[in-house]
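Reviewing the structure listed below.
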Amino acid sequence: MFGVQGREESKSGLICLAFKKYVLRSRKRRVKEQRLDISHMFGVQGRERIYYKTRHMHFCAHTHYRTKEMDSKTQVADKPHAVCIPCPAQSHMKAMLKLSKLLHHEGFHITFVNTEFIHQRFMKSRGPSSLDGLSDFRFETIPDGLPPTDINASQDIPTLCESIMNNFLAPFSDLLVKLNSATSDNPPVTCIVSDAGMVFTITAAQEFKIPVVLFYPVSACSVMGVLQLPSLKDKGIIPLKDESYLTNGYLDTIIDWIPGMRDIRLRDLPSFVRTIDPNEIVFRSVVDAAERAPSASGIIVHTFDELEPEVLHALSTMFPHVYAIGPLEPQLNHLSNDHLKSIGYGLWKEETECLNWLNSKAPNSVIYVSFGSMAVMTPSQLVEIGWGLANSKHPFLWIIRPDLVEGGSTILSPDFQEEIKERGLITSWCPQEEVLNHPSIGGFLTHCGWNSTIESVCAGVPMLCLPFFSDQQTNCKYTCNEWAIGMEIDFDVKREEVEKMVRELLEGDKGKKMKKKAMEWKKLAEEATGPLGSSSINLKNLVSEVLLPKG
């Protein structure tokens, strides 16, 4: 009667109508009563896949919520509602905020959950009006269970991990009850999007009978490495027997049985494999999260299919639903109308004066140096890196956080300051993505945190890699060996090596090859996040297959 397109639009309209009825009934009964099952209308496959018979259709919730006939209050009431909760750390919050903005664009009401401590820092850095977004993108807080501390202080990671395991479930569940209250002016919670380190959300989702997806704001190779920790533990490979195993060659052991990962040494896996104490809290929390991950409704990975095909394929055999939806920033850039652009990502105030300084430099001439939001180095490492940069004679922009160095002193000598005058700029924080995309940037000296790595890939900038902990060793391995866009600096930093590598990156043949390869990856990232790209399609599959209510 309608032709192929007409049949699809007719079914889409019926799904929209059914979902609207579901929401209206749920507002009266909330989560405790059985929801409307619309699967009989088209069967399971039709219900889950109807959107994707043509890539050019918008899933019904998105078009339905954008209809001009509905007033704004009705729009909010009728939306599916995703509660998004990151791990309380800068890089994790940044990635989750980007994902939340994309879900909001797909038609979801968003409740973004920070800890009280992180939210205070966020408000301080962004300004009191920075979160004045839409009525359907809201922020809530839960306590972190830790004693009050200076808002500018860094939280102790082991203590925070222990508190996440022991103290977060109850206040998070209380928040869900509040959001589902009959007096609430938001729609009922229909799904949870949780940082993969916050696995207490799985228990909460089971209690409220809603889907929960785990978001890994890291590379797929790092996800696979973390998921193998229980097996490595069961095989007796980890924890290490004693500290001598850190230096006696044991870390060079080849692990040849991990799916999708070739020629991986133990040292190339996330740094948790270097643990000596099996009761160390960070180790226990990461192993616990890995063991509980299969209970989630699906997993999201901040990568793209073309970058890590083998590992993503292996993950897809381990989980029913795996979605590579990165890089997130290019997807946001494709949005024609980003109402949430004013909501930033930083826990530190960004100093934008560096952009003017970069404007005065030649194309591809500056080395950008940053070690992320959590890495801590020794005073010796700071000095050696500094003099290596100075002796390279290349201009550099160096981000030195107040808490970057053990003991807190980030003061460099007057001789150093004199040497780098006019050539080096040191600042405490910056808009990193703008910096990496500035034409003067020729390379990035990085700790290999995943946000930094994927942002460098998106900008087409090759890297010098100095990994510290967590997933950074794995990212370094793939950046240098698999993607051919990086060179590793020894952790026992020497100024001569830094100088040599900066020169090679910005002047040498290897640096030119790395730059060419980086530009190739940049193009693939752009294609993946385009309207018909793999990550864009995966995002919509995530929504249709897992996040939208099924009945």
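Values computed for the structure shown
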| quantity | calculated |
| --- | --- |
| R0 of 30 Å, Cβ-Cβ distance S365-A153: FRET efficiency to nearest 0.05 | 0.20 |
| Segment K349-E418, length gained on full extension (0.36 nm per residue, minus Cα span) | 22.1 nm |
| For A324, residues with placed amide H under 5 Å, excluding near neighbours | V301 |
| Stokes-Einstein translational diffusion, the stretch 219-293 - Kirkwood Rh over all Cα pairs, 1.567 mPa s, 4 °C, in µm²/s | 104 µm²/s |
| Virtual spin-label span in nm between T183 and D492, 7 Å along Cα→Cβ | 6.5 nm |
| Principal axis dimensions, the stretch 400-551 - Cα atoms, whole angstrom, descending | 67, 38, 28 |
| 5 angstrom amide H check on R265, placed H, neighbours 5+ away | I255 |
| Kirkwood hydrodynamic radius of the stretch 193-325, from inverse mean 1/r over distinct Cα pairs, in Å | 15.5 Å |
| Protection proxy ranking of 83-92, 251-260 - average other beta-carbon atoms within 10 Å, highest first | 83-92, 251-260 |
| Spin-label pair I254/S316, simplified geometry with 7 Å Cα→Cβ offset, distance in nm | 2.8 nm |
| Part-to-part distance (alpha-carbon centres) for the stretch 91-110 and the stretch 456-506, which is given in Å | 30 Å |
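Since every read-out is calculated from the coordinates, none of them should be taken as a lab result. Keep in mind that what you see is a predicted model, and the values were worked out from it rather than measured. Heads up, the Cβs are rebuilt from the backbone with ideal geometry, glycines too, and the neighbour counts pull from every protein chain shown.
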